[in-house]
1. Which residues, counting only those in region 166-216, are in contact with a helix residue (DSSP H, G or I) (Cβ under 8 Å, 6 or more places away or on another chain) and among the basic types (Lys, Arg)?
2. Of all the strands (runs of 3 or more DSSP E) wholly in region 104-206, which have at least 1 residues that are of a type in the set (Lys, Arg) and under 28 Å from SER281 (Cβ atoms)?
3. Across region 35-81, what is the total count of residues that are out of contact with any Asp or Glu (no Cβ under 8 Å at 6 or more places or on another chain), in a loop (DSSP other than H, G, I, E, B) and more than 21 Å from LEU285 (Cβ to Cβ)?
4. Within the set of pairs 6+ apart or on separate chains, which have a first residue in region 140-166 that is more than 18 Å from SER127 (Cβ to Cβ), a second that is of a type outside the set (D, E, K, R) and in a loop (DSSP other than H, G, I, E, B), and C-beta atoms under 7 Å apart?
5. If you go through region 80-99 one residue at a time, do you hit one that is hydrophobic (A, V, I, L, M, F, W, C) and surrounded by fewer than 15 Cβ atoms within 10 Å (Cβ to Cβ)?
6. What pairs come up if the first residue lies in region 86-101 and is part of a loop (DSSP other than H, G, I, E, B), the second is aromatic (Phe, Trp, Tyr) and buried (at least 19 other Cβ atoms within 10 Å of the Cβ), and their beta carbons are under 6 Å apart, counting only those six or more places apart or on different chains?
7. Name the pairs: first residue in region 249-272 and of a type in the set (Phe, Trp, Tyr), second residue assigned to a loop (DSSP other than H, G, I, E, B) and surrounded by 14 or more Cβ atoms within 10 Å (Cβ to Cβ), Cβ to Cβ under 6 Å, at least 6 apart or on different chains?
8. Are any of the residues in region 69-81 free of Cβ contacts under 8 Å to residues at least 24 places away in the same chain and either more than 24 Å from PHE141 (Cβ to Cβ) or of a type in the set (Phe, Trp, Tyr) (or both)?
Amino acid sequence: MNSRMVKRRAITITLTLTVPTVAALSLHSTHLRAREIPQVSLLRTPHGGIQPQTVLDRDGALHMIYFKGDASAGDIEYVRRSADRKHFSQPIRVNSEPESAVAIGTVRGPQIALGRNGRVYVIWFGSRERSGNAPDTMPVFFSRLNNSGKAFEPQRNLMQYAKGGDGGLSIAADTLGDVYAVWHAMGAEPGEGHRRVYLARSADDGRTFAREVPISPPALGACGCCGMRAFADERGTLFVLYRAAAESVHRDMTLLISTDQGVTFHDTTVGPWELNACPMSTAYLSEGGKRVLAAWETAGQVYFDSVEPVSLKVTAPIAAPGEWTSADGLDGRNGLVQGRVPRLEAFR
């Protein structure tokens, strides 16, 4: 079997909600048949954690990180639950420096990825006070689970020269040892319309990283306080989903795709939106069968689409059913979108 391929047998969809916090909703199914009702289980984040992020491995084990403490100076904990267990493992603190993580708002929390041999990688924003000589930006910290699987290595700041990091960062890894850390930060000029998405790449399972480089088209900008996602599929193709901010009003959801380990990218618009404000929106990427699945929100509506495996063409978006009400604190037609995290994980 090709070393890039990962065998996946069951279909699993996971929806994580962060308003106000705590719960992860999972739908599990194997070989869904007509009229069969999927089993749905609601899991509460352990130890009162907030902003949970989860990844399912090919053996069905659930890996989770979550935030604890003050939103401007807290900690990240990691737990794991095997497919045949009902309870999570004892938590392991991810950040080696206590209270060095931030989770202000709903889009600045930590992110997790699994790489070669199931190694866990975590990326997060630190406080501006910990950014050294760059007090105008938040550091981008990274750590990985050590070889014993019992602790995380000392955290490192991957932001070497970019400035103005704020809302969006993500982490992705493939089965060949490539690890991709992405975030958006200031471009050549101030302003959202000039922000860029940056990539720091490791080719040795996260031991070392090259200096970050901009990978998004400079004319598209990047929405300053919006979240983003990176994902590497079983073929090693890298996807980065983020919200642009061209001329500060064209806030289109944009997908960057690389088939050469992050050396070059091409971009495509998956969801246009004209808005002269930052909506603090979020996005998600995962894989189902041979397709990469995407989820994002625009004007109070969550959308889904998929990417064809060979042509890499993006399918037409599908609006998720249901309506947001005024109780959600937003205007689903014209207002800002805050605090909802579309999350989709599908393994076949």
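The values are calculated or read from the model by the stated rules, or taken from the named source; none is laboratory data. Remember, it's a predicted structure, so these values are computed and weren't measured experimentally. For neighbour counting, all protein chains shown are included, and Cβ atoms are generated from backbone atoms with ideal geometry for every residue, glycine included.
1. Matches in region 166-216: ARG196 only.
2. Numbers: elements: 111-114, 120-125, 140-144, 169-173, 179-185, 196-202.
By residue number, 196-202.
3. Number of matching residues: 8.
4. Final answer for the pair search is ARG144/GLY206; PHE152/VAL94; PHE152/SER96; PHE152/ASN146; GLU153/ASN146.
5. Residues of region 80-99 hydrophobic (A, V, I, L, M, F, W, C): 83, 88, 92, 94.
From the residues that got through so far, the ones that are surrounded by fewer than 15 Cβ atoms within 10 Å (Cβ to Cβ) too are 83.
For region 80-99, residues hydrophobic (A, V, I, L, M, F, W, C) and surrounded by fewer than 15 Cβ atoms within 10 Å (Cβ to Cβ): present.
6. Hits for this filter: VAL94/TYR78; VAL94/PHE152.
7. Note: pairs meeting the criteria are PHE265/ILE215.
8. Yes; the residues of region 69-81 include at least one that is free of Cβ contacts under 8 Å to residues at least 24 places away in the same chain and either more than 24 Å from PHE141 (Cβ to Cβ) or of a type in the set (Phe, Trp, Tyr) (or both).
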